Amino acid sequence: MQIETRKTTPYSDQKPGTSGLRKKVKVFTQENYLENFVQSVFDTLGDVAGQTLVLGGDGRYFNRQAAQTIIKMAAANGVGRLLVGQGGLLSTPAASCLIRKYKAHGGFVLSASHNPGGPDEDFGIKYNGINGGPAPESLTNAVYARSQAITEYKIAAIPDLDLDTLGETALDGITVAVVDPVGDYAQLMEHLFDFSLIKSALTTGAISLCFDAMHAITGPYAKRILEDRLGAMPGSVINGVPLEDFGGGHPDPNLVYAHELAALMYGPGAPTLGAASDGDGDRNMIMGSKFFVTPSDSVAVMAANAHLLPGYKSGLRGVARSMPTSQAVDRVAAAMGIDCYETPTGWKFFGNLLDARKITLCGEESFGTGSDHVREKDGLWAVLFWLNLVAVRKQSVADIVKEHWKKFGRDYYSRHDYEGMDLAAGEGVMAHLRGQLPDLPGRSFGAYKVAFADDFSYTDPVDGSVSDKQGIRIGFDNGSRMVFRLSGTGTEGATLRIYLERYERDPALHNQDTQVFLADLIALAEQLGGVKQRSGMVAPTVIT
Ligand code: VG1
Ligand code: CO
């Protein structure tokens, strides 16, 4: 095998964000752009001679081409074995599953997750480590530093490989195995959940289901597991064929973008459970008939009920949520007498807690939930969790959640996103808020008295690493809270997120309209942050 060493020069913008490096396809296809980043990863990893790596992506535009480049670079950098999902495809949780199961050194996941795909849209790449989870900041910072000094990269002069046929190709030094993307993942799910119970509920019609794969990666997974294996009616999986541009949509499972599912679930004859996943299969949205489960409630309900499911029957070690996620799961943890950790936004911060066996379950308000079975959030896993739960409790999704509120109280919760904001305006809002922090504690705004106000800083309890400036938190003495932060996954301008929550113990007040119930807090957020005034935007672009 002939290995070429090619000269290159650094790109200044290869700093990974919340979840890997995400850029417009047009940025990624600049000369050597992808190659520079991949070589920076190899240079940072050091000796990978003879090691196994996993490779796959969500199937978006440029996935195939990028996979071929990475295979050639892996060969040139001494990798011993590459496991590649057939067609270059792997959902993010399935990639994590493969890394763990086959004891790989790590893997490349090609995805820009919930961002749109296509020649004018987004692409992304991230490296996951030996535990199957996203690289920690120490590694991504080192990769970035390397990318700023890179002068050459290595690539094997070999033709493109056939990624569509299952099987192994032994090249000189490296073996490339094209593997079934679904099989190992499906097997893992079977260990965690009561498949025979779910199957009988689905085949007898006790439970019906609609899963919207949004033309993204989970289509083949959902069809194989939900329809073929568990007997959900054919057609239960909609938009199940992955497309390079996700059919022109945003593969983001929320009420705005998963509108086909939302219309079905609020219409006549809605199925028992409605669910959707995102571009790379790590997010989930859960709905019942005429009922939407907020992701923050979902993780809380899961924590309270996990012991009812086979994979979690021995109980939970602890739980964790990202800082902006509502405090609903904290209440469950307190009642159960287990620890609850508050981490910065992004799945990479859960990795150490899971590895150190401090937690079993974790979640984010951004439609992400997961457990110690892999080191990524896992969309289909969450759907199976809810299916299993509904089958065990023989109640509707709405009844399960309402009972939960009765027991623990309800955390009304909403996130207001201002996308495509001018970067300077976004940074201006954050600076303006930061400036007010010292004076806020103790001040009253109507019924809201500030209990604490800070810029969230996290010290990892396992390795002691510190992550600063993770978002402005303003907490009130009645348990309400607002959080402001700038997104780290966007590819254009800034996205400012405002997270709002208000706790209500009284069951008589558990059926209010969320936006109405939060109206005072929403107004106060504008008073303190001046988002509309500073950005000139009149309203949020997305409300979840
Ligand atoms: C967003 C979410 C965050 C999530 C991240 C990756 O990040 O808020 O909770 O972990 O996306 O999800 P940000 O920085 O834009 O707020 V995925 O499914 O896009 O990999
Ligand atoms: Co995702």
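Looking across segment 271-295 at every residue that is more than 16 Å from ligand 2 (Cβ to nearest atom), part of a strand (DSSP E or B) and touching a residue at least 40 places away in the same chain (Cβ under 8 Å), the one that is surrounded by the fewest Cβ atoms within 10 Å (Cβ to Cβ) is identified as Phe291. Residue selection: Ala263 satisfies the criterion of being more than 16 Å from ligand 1 (Cβ to nearest atom), modelled with pLDDT of 95 or more and either farther than 22 Å from His510 by Cβ or not assigned by TED's automatic domain parsing to the domain that holds Val401 (or both).
At least 1 residues being touching a Gly at 6+ places or on another chain (Cβ under 9 Å) is the threshold, and among the helices (runs of 4 or more DSSP H) wholly inside segment 452-544 those reaching it are 519-529, 531-535. Summed over segment 432-446, residues that are surrounded by 11 or more Cβ atoms within 10 Å (Cβ to Cβ) and under 17 Å from Glu526 (Cα atoms) total 8. Annotation: of all residues in segment 460-504 being more than 17 Å from Asp520 (Cα to Cα) and hydroxyl-bearing (Ser, Thr, Tyr), the one that is farthest from ligand 2 (Cβ to nearest atom) is Ser465. Of all residues in segment 385-403, at least one satisfies being part of a loop (DSSP other than H, G, I, E, B), away from ligand 1 (no atom under 16 Å from the Cβ), more than 22 Å from Pro253 (Cβ to Cβ) and not assigned by TED's automatic domain parsing to the domain that holds Asp463. Residues in segment 187-230 that are surrounded by 19 or more Cβ atoms within 10 Å (Cβ to Cβ) and among the small types (Gly, Ala, Ser): Ala201, Ala213, Ala216, Gly219, Ala222. Restricting attention to segment 201-260, the residues that are touching a His at 6+ places or on another chain (Cβ under 8 Å) and either in a strand (DSSP E or B) or not assigned by TED's automatic domain parsing to the domain that holds Asn284 (or both) add up to 0. Looking for something at pLDDT 95 or above, surrounded by 23 or more Cβ atoms within 10 Å (Cβ to Cβ) and more than 30 Å from Ala104 (Cβ to Cβ) - is there at least one such residue anywhere in segment 363-380? The answer is yes, given that some residue of segment 363-380 is at pLDDT 95 or above, surrounded by 23 or more Cβ atoms within 10 Å (Cβ to Cβ) and more than 30 Å from Ala104 (Cβ to Cβ). Considering segment 1-76, the qualifying strands (runs of 3 or more DSSP E), each wholly inside and each with 3 or more residues that are over 24 Å from the mean Cα position of the chain (by Cα) and either within 16 Å of ligand 2 (Cβ to nearest atom) or touching a residue at least 40 places away in the same chain (Cβ under 8 Å) (or both), run over 3-7. Scanning segment 275-283 for any residue that is modelled with pLDDT of 95 or more and either over 25 Å from Gly57 (Cα atoms) or outside the structural domain of Cys362 (by TED's automatic domain parsing) (or both) turns up nothing. Filtering segment 308-329 to residues that are in contact with a strand residue (DSSP E or B) (Cβ under 6 Å, 6 or more places away or on another chain), assigned to a loop (DSSP other than H, G, I, E, B) and of a type in the set (A, V, I, L, M) leaves Leu316, Met323.
Residue-by-condition table, conditions (1) small (Gly, Ala, Ser); (2) over 23 Å from Gly17 (Cβ atoms):
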| site | (1), (2) |
| --- | --- |
| Met285 | no, no |
| Ser289 | yes, yes |
| Asp297 | no, yes |
| Pro324 | no, no |
| Arg331 | no, yes |
| Ala334 | yes, yes |
| Leu353 | no, no |
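The values are calculated or read from the model by the stated rules, or taken from the named source; none is laboratory data. Computed from a prediction, not measured in an experiment: that's the story for all the values here. Ideal geometry is used to build each Cβ from the backbone, glycine not excepted, and the neighbour counts take in all protein chains shown.
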